[in-house]
Amino acid sequence: MGRVLLVLAVLLALAGCGGKSSPSQRTPLTIVVDGPFSRSPYLGRTIENGARLAAREVNANGIRLGSKTYELRVRTLDTALSPARAVANMRRAVEQEAIAVVDEGTGIDASWRIAAKPGIPIGVVFEGGRQIVDPEARPNVFRIAPTDHGLAFRLAEYLIPKGLKVGLLHDDSDYGVAGGQALASAFERNRSSVAIEQTLPADALDLAPQVLRARRAHATGLVVWGRASTIASVLTAARSAGWDVPVFTPPAGADPFVRQQLADHPQWVDGLTFAGGRLTAEIGTGPFLTFEQKYESSFGVDRVGVKTSGGQAVIVPPETAMYAYDFVNLVAAALLKAGSTDPAKVTAALNEVTTEGANGDQRGFNHNNHEGVVDDDIYFARFHDMTYTPVKDDPLSATLPAVPQTR
Amino acid sequence: MTRLAAAAVAVPALVLSGAASAAPNADFVSLPSPLAQLSSSPPLAGGASANAEGLRHRVAARTNVVVSLGPDGAPLRVVATQRLDVRVKGDYFFPIGAPVSAVEAVPGSASPPGRRSTSILWAGFNPSRRTLVARAALRPGAVAPSLPLRVTPGPGVVALENTTGVTTSAFTADVLVAPLARYFAQLKRAIALGEVPTSGGALVTSKPVTTRIRVAAPLHVEGTIGARRVDLVLEGRRTIAGSGPVRLTVTPADPARLLDRPVAGLSGRRLLDRVARASLTLSRVRQYRTFLGNPDPTGPSSTTYVYRTAARPVAAAPAAGESSGRGWPLTLAIVLALLGALALSAFAWSRA
């Protein structure tokens, strides 16, 4: 009996030696996704999915640091678009000893300090406000998303040479106000290109009076910065009045809600031009489509809920998911660079690493710049038949291929 | 195959067979390359790289390095300003290796540079032509060994030493003069036109023997030491009589001594030695013209080094909280005074 036990003990010991570490033997590292799951489910879910997809890929081999192998585990917390809840969530992330937080951006002006104490890096993947990121004052805050500043200046750079007299309209949501400030700054030196500036009520269903006012100010183009509902309302007011003014927007113009609202009048969406972060690199659509394929096979297709004139269902390319995916991959690279799971060391290492992003672009931060999407990466796309393609009258956009958006 | 294509193939074949017929017993041996990297630095920190997604940007790089010298001639501060003239439309991602402690954009730069501990980072989209200009403070201790000149002030003199020298391998052998002379002429033409030189070979008629040679980039040194004007080409060490502030501009120069002297009448072995030295010296010059790397390996690069005497940086004032500003003698006096007052009070109370 004693010999049998001895043999069993040796076999058990041998079984534990060598080979790859199984997931059960790995030490988990928590990545918290802080998003608006209840108030803006699509946004919250797409951020979560991007983070989960990256974590899954990282976990295929695990993260080997010294004699230990780690794996990433994603936990979600709902901000409900409330800054107070965002702050509470950040406290929970600290309690859970998160290695990083992927954040939509709500409440970040207050919550970053809570994460800064233990040095936890925060990756903002949606909000573009200028004050959010400051490598000096907020060394633990990073962003992979187009900035309001970059979007506004690219819009100005694109529109002013066209000789348009633009109406700068923004709604009174936080997003709209921040965008209004960015637009004012971008057009500051070219006031002659501005016909009128107006603040729109974000909750108004009818914006006909404000749109009429812009028309009477002889605006020959409208830049509308606000929630998707505001953009849809401006388009409705202008087109129903027979005013075929060109409309330009930030990325919110590509929000499925705009097309859903105007599904009965698809021609009203035609010509809508938005500025956004490029989805593809110059090498082509390959890297992004590969990412999209992985995303779809894991989480399914995100449908807009409208169809083209040919009857094909329109889908949403996983843009925001791509940013979350890239941030988690950068965190994994920073863990290896730091050789440590100390969040402060990971934050420091995030300034030193570059990875290939889901769209094939180089993605990374540095000590001077915590923006993962540089202003040069902002392109313009125009809608036709409920899908969009990069414009041809902008040097960057003209180099970009269209991303398929139908299934 | 068309006649034109057939002719295109036939010409190199004739050249090869011609060479072979001229030297039936000669072997082809590669010459030291004028593009060889003879030491790990410069360019600093591995040089520059480019990730441009399938396209290649044309980049001309111009760098100005200002070396502030302490009283003993040691570099106290090194600031490099690099201007990249980028052409060809498309995305760019250029890490420029350097031990950077701070970096900023210079007015006129199309975008701000990023900083990593070992590189300056440029990322963006070039619509057709872009100028990127960064001013970077470099860690003096890390870059000092890669600077081309050492300045050592002494009593009434200042020693200038070319520190670009390096010992490297070459070979000696008997060679056919004519083909080697042709390659040398081609090398000189490329240098005169500012083109990237190509590597060459020699037809050897004896067994090549490895040799070790020392090569250095000639430095054109111009400026002033105190009131004394300096204008010389420095290949080794020179002591200049004079004292006072140093302000010297140093530019790596082509090795005129090796390139311009006539080769007619030289034996094959002597010509080989000359060509090998010229080629290796050119590669050394090229290294020092690329103090900060150029993301376009075949793009033109130039570097000017400015050495100037500077006051030693003032040490940072201690933080207010670290010291009360009161010395220990004063503290001791206060404590003694307090103890004295306490004793007097106790005495007065006991008498009350």
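The values are calculated or read from the model by the stated rules, or taken from the named source; none is laboratory data. Predicted model only: the values in this text are computed from it and were never measured. Note that we place each Cβ from the backbone using ideal geometry, even for glycine, and neighbour counts take in every protein chain shown. Note: accessible area is taken over every heavy atom of the protein model, side chains too, but ligands, DNA and RNA are not part of it. Shrake-Rupley method; radii C 1.70, N 1.55, O 1.52, S 1.80 Å.
Taking amide H as placed 1.01 Å from N in the peptide plane, A:Gly128 has its amide H under 5 Å from the amide H of A:Asp148, each at least 5 places away in sequence or on another chain. Put simply, what bits of segment B:73-105 lose 20 Å² or more of accessible area when the other protein chains are there, versus the chain on its own (1.4 Å probe)? Residues meeting the cut-off: B:Lys89, B:Asp91, B:Phe93. When you restrict to C-alpha pairs under 8 Å that are six or more residues apart and normalise by the size of chain A, the relative contact order lands at 16 percent. Here the dipole of chain A is about 860 debye; that uses its Cα centre as origin and unit charges on the Cβ of Lys and Arg (positive) and Asp and Glu (negative). In terms of its C-alpha gyration tensor, segment B:101-158 has a prolate overall shape, because the principal axis ratio a/c (a ≥ b ≥ c, square roots of the eigenvalues) is not below 1.5 and a/b outweighs b/c. Across peptide B:133-139, the mean count of Cβ atoms from other chains lying within 10 Å of each residue's own Cβ comes to 0. Using a 1.4 Å probe over protein heavy atoms, the accessible area lost on pairing B with A, summed over both chains, comes to approximately 1600 Å².
Per-residue shielding of A:375-385, expressed as the average number of other chain Cβ atoms within 10 Å of the residue Cβ, stands at 2.
Summarising the strand pairing of the protein assembly as shown, around 70 percent of its internal DSSP beta bridges are antiparallel. Considering only beta bridges that DSSP places wholly inside segment B:65-216, some 100 percent are antiparallel. Rounded to the nearest 5, the antiparallel percentage of DSSP beta bridges internal to chain A is 35%.
Only the Cβ atoms of Lys and Arg (+1) and of Asp and Glu (-1) were treated as charged; on that basis the dipole of the protein assembly as shown about its Cα centre amounts to roughly 2780 debye. Note on the protein assembly as shown: dipole from Cβ charges, positive end direction compared against A:Ala116, A:Ala80, A:Tyr295; the farthest Cα belongs to A:Ala116. The helix-based estimate of mean residue ellipticity at 222 nm for chain A, built from -39,500 (n - 2.57) per DSSP H run of four or more residues and divided by its residue count, is -12000 deg cm²/dmol to the nearest 500. Packing-based ranking of A:336-342, A:29-35 yields A:29-35, A:336-342, ordered from highest to lowest mean Cβ neighbour count within 10 Å.
Shape call for segment B:18-129 from the C-alpha gyration tensor, a ≥ b ≥ c root eigenvalues: rounded (a/c under 1.5), prolate (a/b greater than b/c) or oblate? It comes out oblate by the Cα gyration axes.
Along its three principal directions, the equivalent ellipsoid of chain A from the Cα gyration tensor extends over semi-axes of 44, 22, 19 Å, largest first. For segment A:21-119, trypsin sites (Lys or Arg not before Pro) are listed when DSSP marks them as loop and at most 15 other Cβ atoms sit within 10 Å of their Cβ; the list is A:Arg39.
Packing, as the average of other Cβ atoms within 10 Å across residues, places the peptides B:104-110, B:281-287, B:158-164 in the order B:281-287, B:158-164, B:104-110, highest first.
With 29 Å as the limit, the listed pairs A:Lys162/B:Lys89; A:Lys294/B:Lys89; A:Lys68/A:Lys117; A:Lys68/A:Lys345; A:Lys165/A:Lys392; A:Lys307/A:Lys392 have A:Lys294/B:Lys89 beyond it between alpha carbons. Sequentially through segment A:101-113, phi angles give Karplus couplings (6.51, -1.76, 1.60; θ = phi - 60°) of 10, 9, 10, 6, x, 4, x, 5, 4, 9, 6, 4, 5 Hz, Gly and Pro residues having no value and appearing as x. Of the accessible area of the protein assembly as shown, computed with a 1.4 Å probe over protein heavy atoms only, carbon and sulfur atoms account for 56 percent. Averaging Cα coordinates gives a centre for segment A:268-320 and one for segment A:135-150; these two points are 25 Å apart. Between helix A:228-240 and chain A there is an angle of about 20 degrees, using the helix long axis and the longest principal axis of the Cα atoms. Inter-chain neighbour count for B:108-117: the average number of beta-carbon atoms from partner chains within 10 Å of each residue's beta-carbon is 4. In the assembled protein chains, A:Tyr158 presents an accessible area of approximately 10 Å² (probe radius 1.4 Å). First select every other residue whose beta carbon is under 14 angstrom from the beta carbon of B:Val175; then total the charges, Lys and Arg +1, Asp and Glu -1. The answer is +2. Could you please state, rounded to a whole Å, how far the C-alpha centre of segment A:342-363 is from the C-alpha centre of segment B:126-143? Result: 21 Å between the Cα centres. Which of the three applies to segment A:177-239, rounded, prolate or oblate, going by the alpha-carbon gyration tensor with a ≥ b ≥ c and a/c under 1.5 meaning rounded? Cα axes put segment A:177-239 in the oblate bin.
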